[in-house]
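The values are calculated or read from the model by the stated rules, or taken from the named source; none is laboratory data. No experiment lies behind these values; they were computed from the predicted model shown. Every residue, glycine as well, gets a Cβ built from its backbone with ideal geometry; the counts of neighbours run over all protein chains shown. Just the protein is used for accessible areas: all its heavy atoms, side chains included, with ligands, DNA and RNA removed. Shrake-Rupley method; radii C 1.70, N 1.55, O 1.52, S 1.80 Å.
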Amino acid sequence: MSYLEATNTLYKEAALTPDVGLCCTTNPIWELPGLKIPRIMQEMNYGCGSTVHARDLTNNPKMLYVGVGGGMELLQFSYFNRQKGGVIGIDVVDEMLEASRKNFKEAEEQNDWFKSEFVELKKGDAMNLPVEDNSIDVAAQNCLFNIFKAEDLKKAIAEMYRVLKPHGRLVMSDPTCEQPMNDELRNDDRLRALCLSGSLPIAEYVKALTDAGFGTIEIRARKPYRILDPKNYPTDELIYIESIEVAAIKDPMPADGPCIFTGKAAIYYGDDDYLDDKAGHVLLKNQPLAICDKTAGALQALGRNDIYFSESTFHYDGGGCC
Ligand SMILES: C[S@@+](CC[C@H](N)C(=O)[O-])C[C@H]1O[C@@H](n2cnc3c(N)ncnc32)[C@H](O)[C@@H]1O
C-alpha cells in the first residue's frame, strides 16, 4: 500500500468514526455573530490552525477548500460568502465527503443564514483538482500538504497556483519542524498520515511555495504543536513540532525575489522626520514599518545606525512595505 492509500484509509476511518484527538489543535474555534459550529464538526476538526482570516474574505470571494474533513472551515468560509457554490470543497475520500455533507445539513438546522448549497462538494485529488484555471479568489488547505512527499507536494501547490486568479491567495495551516527526522519516521505511512512525520522546516515549506511562483508569502502564526519522544516514536531524540499559518499570494514574482513577511519591522529613529530609501519605503520617525525579509536585508545593508530592526515574530498581520 502506498502512503497515499494509507492516508485515504486513515481518513476513511476518521470519517466513519470521529476521532477527537486526531489532529489536536491549539486553536480556539472561531466564534462569529450568528455562527454556530455543530459539535460533530468540532469533533471532526482535523486541522492544526485556522485558514479563515476575515481580511482575506471581503467582496464575496470565490473559495476553494481542499481536504474537507468534517466541514468546519467550509462553514466558516461560507459565513463570508452566502451564495450557492460560494465555496467548492474537494476531498479524495468518499466517506469524508459524505460525513461533511451530513454535517452541513446539521449546520443548516443550527444557522438560519446557512444553506448546504453554499458549499459545492466534489470528489477530487489535491494533485489534480477538478477546478478551472484562474477561477478562485481564496484557496485553502489545513493539515493536508504536510502529509505529501516532495514530488506530490510540488504537484499540489502547482494545482493551487493554477486555479487561483491573479492576486488570489492560498491560505494554509500545517505542522512544521526545524529538526531533522530519521527515515524510519519519514517513511512511516501512518505517522505521515497523522500529520506527525512529514513536516518541513519553515524555510523549505516557504521555498516550495515561491518555487511554484507565489510572489508574496505571509507567515501569520507559529505555535507549538506536538512532541515525538523516544519512548513512543522511533526516534533517539525528542522532536518538537510546531504549526504555522501561511498565506501565499499569486502576485507576480518580483525581479529581485519573493516578498516573504515573517513579522519583521523597521523603526527609524534618526534626526529627520522620515527616511526615504528611494526603493519604495518611507520610514516615518519612530513608527514601525512592517517589512519583508528581503527589504530588511536591503535596509540593513545600508549600514545606518539610526534604524532598529525587530526580529521575525512569525505573526505578520498585514500592512507595510512592497
Ligand atoms: C488532516 S485532515 C484535515 C481536514 C480539514 N482540513 C480540517 O482542518 O479539519 C486531511 C483531509 O484531507 C483529505 N485528503 C487526504 N488526501 C487527499 C488528497 N490527495 N486530495 C484531497 N483530499 C485529501 C482527507 O480525507 C481529510 O479530509
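Couple of notes before you dig in:
- Average accessible area per residue (Å²) across the range 3-249 - probe 1.4 Å, nucleic acids and ligands excluded: 42 Å²
- Computed over the chain, the per-residue total of -39500 (n - 2.57) for DSSP H runs of n ≥ 4 gives a 222 nm mean residue ellipticity of -7500 deg cm²/dmol, rounded to 500.
- Other-chain or far-sequence residues with amide H under 5 Å of S243's (modelled H): T176, K223, Y225
- Ordering of 149-160, 127-138, 64-75 by packing [mean C-beta count within 10 Å, highest first]: 64-75, 149-160, 127-138
- Table column - 3J(HN,Hα) (Hz), the range 134-139, Karplus curve with 6.51, -1.76, 1.60, x for Gly and Pro: 6, 10, 10, 8, 10, 10
- Working note: Karplus 6.51/-1.76/1.60 with θ = phi - 60° gives the range 268-278 the couplings 7, 9, x, 7, 8, 6, 7, 10, 10, 7, 6 Hz, where Gly and Pro are set to x.
- Proximal lysines relative to K231, as straight alpha-carbon distance under 24 Å, when same-chain residues fewer than 8 apart are discounted: K223
- Expressed as a whole percent, the accessible area of the chain that falls on carbon and sulfur atoms is 50 (1.4 Å probe).
- Nearest-ten-degree value, helix 94-110 long axis tilted from longest Cα axis of the chain: 80 degrees
- Taking the Cα centre of the range 252-291 as origin and assigning +1 to Lys and Arg Cβ atoms and -1 to Asp and Glu Cβ atoms, the resulting dipole is close to 200 debye.
- Backbone amide hydrogens, once placed in the peptide plane, bring L64 within less than 5 Å of I88, V138, A139, A140, excluding anything fewer than 5 places away on its chain.
- Normalised contact order of the chain, rounded percent, pairs of Cα under 8 Å and 6 or more residues apart: 14 percent
- Counted charge near P201, where neighbours are those whose Cβ lies closer than 13 Å (Asp, Glu -1; Lys, Arg +1): -2
- Averaging Cα coordinates gives a centre for the range 259-322 and one for the range 188-236; these two points are 29 Å apart.
- The protection proxy used here, the mean number of other Cβ atoms lying within 10 Å of each residue, ranks peptides 238-244, 46-52 as follows, highest first: 46-52, 238-244.
- Close amide H partners of Y46, meaning residues 5 or more places away or on another chain with modelled amide H under 5 Å apart, are G70.
- Within a Gaussian network of the chain (alpha carbon springs, distance under 10 Å), most fluctuating of P166, P258, P28: P28
- Net charge of neighbours whose Cβ lies under 11 Å from the Cβ of K294, counting Lys and Arg as +1 and Asp and Glu as -1: -1
- Among K278, K105, K223: highest mean-square fluctuation, GNM of the chain, C-alpha pairs under 10 Å: K278
- Cα centre as origin, Lys/Arg/Asp/Glu Cβ charges: the chain dipole, Debye: 560 debye
- Surrounding net charge for V20, when Lys and Arg each add one and Asp and Glu each subtract one, Cβ distance under 12 Å: -1
- In Hz, Karplus ³J(HN,Hα) per residue of the range 239-252 (6.51, -1.76, 1.60; θ = phi - 60°; x = Gly, Pro): 10, 9, 10, 10, 10, 10, 10, 9, 10, 10, 10, 7, 7, x
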